[in-house]
Every structure is written in structure tokens, then in C-alpha cells.
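Reading through the C-alpha cells given below for one structure.
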Amino acid sequence: MDTKTLVALLQKAKEAHVEWIVSAQDLTENMYIQKECVSIDESECVFGKWLDTEGQNIMAKPGMNVLKEIEVKHFDFHNVYSNIVSIYSPESNNNVFTKLLPWKMRISPDQEAKAKNELIVLKRHFDELKTMFLRLERCIAAL
């Protein structure tokens, strides 16, 4: 993958993860989620798929430690997103998400507070990911 294509992929990854944040925000504020926003596995998003394939080749190159850091933070991001979704669907597992959505559910004030705190953590992870993506772009440009 050439540098220009990779930088475009990183831009799309940032945009896609903003959508995950919007989805989590919709869930915490309106208790609503669209079916296509329910995927929680970090390897199911476009960037995660790339990271699991071509990204592994780049990670093996000298000076690409930032990609390993991104891999960890990307996992953390999706893990927090999963936590938020599970608050609103406690019986959730990967199979439940294939059922009819959107759903609405009542949660306790403690659960709502936990979800809102998780949303703050999710946004923080995203801010850290954006910084790491910029570092990765610089590293790739230097290859």
C-alpha cells in the first residue's frame, strides 16, 4: 500500500470512529442505536480489518512502534464502546445484536451515570488515537 493510500485510510478511520462516538452518544442520551452501529468488535471496522492484515506487515518494520500503540488503543476504544452498549443491553452477546434493532430500554440512574462516564473515556481514547494516527502518518512518510 502506497503512502497516499495509507494516509487516506487513516483519514477514513478517524471519520469512522467519530461515527462510533456519535452512536455511543445517541445511546447514552437517547437510549437509541441503529442496527448498523452495533458492531463492537475492533476487527470488524475498516481500520481494524486493515490492522489485522496489511497493518501487521507495516508493524514489523523498524520504527513503527506507534502502530503497536495504535493497536492497543484501538482495542481499548472498541472495548469501551462495547461496555456502553452492554449497559443498555445487559443480556447482550454477539448474537443478540443480530435481532431486531433499534431497541429502547430502561436503565437505572447508576447505569446511566456509568454509561456517560464511559462515553467520556471513549472520547479520550479517540483523542489519543487521533494523535497516534498523526504520528503514524509522519512515520509512514519517512519510509
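Test each condition in (1) in a helix (DSSP H, G or I); (2) closer than 28 Å to Asn117 by Cα; (3) modelled with pLDDT under 85; (4) in contact with a Phe, Trp or Tyr (Cβ under 8 Å, 6 or more places away or on another chain) for Leu9 and report the one that comes out false.
Condition not satisfied by Leu9: (2).
Looking at the stretch 79-94, is at least one residue charged (D, E, K, R) and modelled with pLDDT under 80?
Scanning the stretch 79-94 turns up at least one residue that is charged (D, E, K, R) and modelled with pLDDT under 80.
Give all pairs with beta carbons closer than 8 Å in which a residue from the stretch 34-47 that is over 16 Å from Ile84 (Cβ atoms) and of a type in the set (A, V, I, L, M) meets a residue that is in a helix (DSSP H, G or I) and at pLDDT 55 or above; count only pairs at least 6 apart in sequence or on separate chains.
Val46/Leu9; Val46/Lys12; Val46/Ala13; Val46/Ala16
The values are calculated or read from the model by the stated rules, or taken from the named source; none is laboratory data. It should be emphasised that the depicted structure is a prediction, and the values quoted were computed from it without experimental measurement. Positions of Cβ are backbone-derived with ideal geometry, glycine not excepted, and every protein chain shown enters the neighbour counts.
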